[in-house]
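> Just passing along the structure, written as structure tokens.
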Amino acid sequence: MKTNVGKTDKSLRIILGVVIAIAGIYYQSLWGLVAIVPFVTAFTGFCPIYSLFGINTCKTNIKAH
């Protein structure tokens, strides 16, 4: 898996995961488990949907020669 999630994207995914988890706990709903998706993609740095569409928010410092 090639990293395709950048720093800002990771931060937003973690915040989104926390919000979803808190809502799931507050409303006592299993939908809070959906928070696992943004957490996993943030911490692994890989988003399968980004891969399908060729999106990459990860900045690289490698210069092509």
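> Using a Gaussian network for the chain with springs between C-alpha atoms less than 10 Å apart, which of these wobbles most: Ser29, Ser51, Ser11?
Among Ser29, Ser51, Ser11, the largest GNM mean-square fluctuation belongs to Ser29.
> Still on this structure, I have one more. Once the whole set of protein chains is in place, how much accessible area is left on Tyr50, using a 1.4 Å probe, in Å² to the nearest 10?
50
The values are calculated or read from the model by the stated rules, or taken from the named source; none is laboratory data. This structure is a prediction, so every number in the text was calculated from the model and none was measured. Surface accessibility is based on the protein's heavy atoms, side chains included, excluding ligands, DNA and RNA. Shrake-Rupley method; radii C 1.70, N 1.55, O 1.52, S 1.80 Å.
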